[in-house]
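Here it is, the structure in full.
We did not get these values from a lab; they are worked out from the coordinates using the rules stated. Model, not experiment: these values are computed from the prediction. FYI the Cβ positions are ideal-geometry reconstructions off the backbone, even for glycines, and counts take in every protein chain you see.
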Amino acid sequence: MQDLKTRTFHYAFENAKLVKDIPYDAVNREYISQLVRCTASVGANYRAAKRGKSDADFLNKLKIVEEECDESIYFLELLKALNPSFEKRINELIKEGNELLKIFVASIITTRERINNKKN
């Protein structure tokens, strides 16, 4: 299994390849811009989280990763609805986004538990 650093990079890269192929019109342009930003942010913020100075710092940065990952799924869903000929490719990216999101949520839960255990 790929490590998350590689996997989040691949997620951003595959989304970038997708949007290069989607027709560039007024609506797609806006959603594409958002998608490119949030998918790149997933990996960038995950890398920052790994460098967290404490569990609390790691948790705060990981919550940003969760938010950006969820946002990327939303923009993929919008692009799929507007560009049905790309449904198969987009569904694969939505699947990967959901898998990553589950991993990040599980990490958030684990980190919260660790923080709470240290307090007790």
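By count of other Cβ within 10 Å, fewest leading, how are SER72, SER85, SER107 ordered?
Working: SER72 28, SER85 11, SER107 18.
The order, fewest Cβ neighbours first, is SER85, SER107, SER72.
Among [x] 54, 22, 21; [y] 140, 52, 19; [z] 33, 31, 26, which one is Cα extents along the principal axes in Å computed from these coordinates?
Entry [x].
Quick one: go through region 34-78 and flag any residue whose amide nitrogen is under 18 Å from the point 7 Å out along the Cα-to-Cβ line of ASN98.
Once the point is set 7 Å along Cα→Cβ of ASN98, 66-78 turn out to lie under 18 Å by backbone N, inside region 34-78.
For the residues TYR46, TYR31, TYR24, TYR74, what sequence is obtained by ranking on other C-beta atoms within 10 Å, fewest first?
Values: TYR46 25, TYR31 20, TYR24 10, TYR74 15.
Exposure proxy ranking, most exposed first: TYR24, TYR74, TYR31, TYR46.
For the cross-link pairs LYS20/LYS102; LYS5/LYS88; LYS63/LYS102; LYS53/LYS119, which exceed 19 Å when the distance is taken from alpha carbon to alpha carbon?
Over 19 Å Cα-Cα: LYS20/LYS102; LYS5/LYS88.
Now, a different point. Using Cβ contacts closer than 10 Å as the measure, can you line up ASP70, ASP3, ASP55 from fewest to most?
The most exposed by this proxy come first: ASP3, ASP55, ASP70.
Express in nm, to one decimal, how much length is gained between ALA106 and ARG29 on full extension, taking 0.36 nm for each residue of separation and deducting their alpha carbon distance. Numbers along the way, then the final one.
Details: separation 77, 0.36 × 77 = 27.72 nm, distance 3.31 nm.
Full extension from ALA106 to ARG29 adds 24.4 nm.
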